[in-house]
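Each remark here refers to the structure printed beneath this line.
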Amino acid sequence: MRNLLKFALATVVIAGALSGRAFAQEATAPAEPPPAPPTMPEPYDCTLTEAVICKAGATCTPAKTLGELALPARVLVHFEDQVMATVGPNGLPHVSKIADLSSSGDIVVAQGVDGGTGWMLHATSNDDEVTFVAASDDFILNAFGTCKPVE
C-alpha cells in the first residue's frame, strides 16, 4: 500500500510539472506582430501668405503677422519628429510640439498648443494648399498658404 501511495504521489507531481510546462509554453507562445506604424509624410516647407484675425464682437480683419512673424511666414512641419518650427524675429528658432497628428485619405492634420494658444494645420498630399488656425481666449487667426516637401 505504501508503494501504491508513493506511486500515486509521484504521478500527481509529474502530471503537475508537465501541465505547468505546457502552460508555460502556451503563455510564451509568440503573439501576432503589432501593426506597422503609419508612414509619415516627408517634412513640409510651408509658406503662409495671407491671414485673417477675428475677435469677439468685431469683424474679421486682414492680418499682417502671425503673432511675431511677418507675412509671408515660412514654417517647417516635421511629421516624424512631431514638431512645427519657424525662425523668430530675433533670428532664433521657435519650435512647437505637435501634440496630435491624424490623417484621413490625403489630408494630414497636426495639432498643438504653444503658450496659451492652440493651433491646427491642415495639409494635403495631392496639392500644395495649407491652412493654419490659431486660437486663444480672445482671438482666432486663420492663415492660408502652400507647402512643398523639403528638398
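The values are calculated or read from the model by the stated rules, or taken from the named source; none is laboratory data. This one's a predicted model, so the numbers in the text were calculated from it and none came from an experiment. Counting neighbours? That spans all protein chains shown, and the Cβs are built from the backbone with ideal geometry, glycine included.
Taking the range 98-114 as the range and being farther than 20 Å from residue 73 by Cβ and surrounded by 14 or more Cβ atoms within 10 Å (Cβ to Cβ) as the test, the residues that pass are 101, 103. Please go through the range 110-140 and pick out each residue that is in contact with a Ser or Thr (Cβ under 9 Å, 6 or more places away or on another chain) and either closer than 16 Å to residue 48 by Cα or not assigned by TED's automatic domain parsing to the domain that holds residue 77 (or both). Residues satisfying the conditions are 110, 119, 120, 121, 122, 123, 127, 128, 129, 130, 134.
If you check residue 56 against the conditions, is it under 18 Å from residue 139 (Cβ atoms), in the same structural domain as residue 142 (by TED's automatic domain parsing), at pLDDT below 95 and not β-branched (Val, Ile, Thr)? Yes. Of all residues in the range 66-84, one or more are in contact (Cβ under 8 Å) with a residue 40 or more places away in the chain, small (Gly, Ala, Ser) and at positive phi. For the range 11-28, the criterion of being of a type in the set (Asp, Glu), assigned by TED's automatic domain parsing to the domain that holds residue 134 and either out of contact with any helix residue (DSSP H, G or I) (no Cβ under 7 Å at 6 or more places or on another chain) or modelled with pLDDT of 90 or more (or both) is satisfied by no residue at all. Scanning for something under 16 Å from residue 131 (Cα atoms) and basic (Lys, Arg), does the range 53-63 turn up at least one residue? No, every residue in the range 53-63 fails to be under 16 Å from residue 131 (Cα atoms) and basic (Lys, Arg). Residues in the range 115-135 that are loosely packed, with under 13 Cβ neighbours inside 10 Å and over 20 Å from residue 42 (Cβ atoms): 115, 116.
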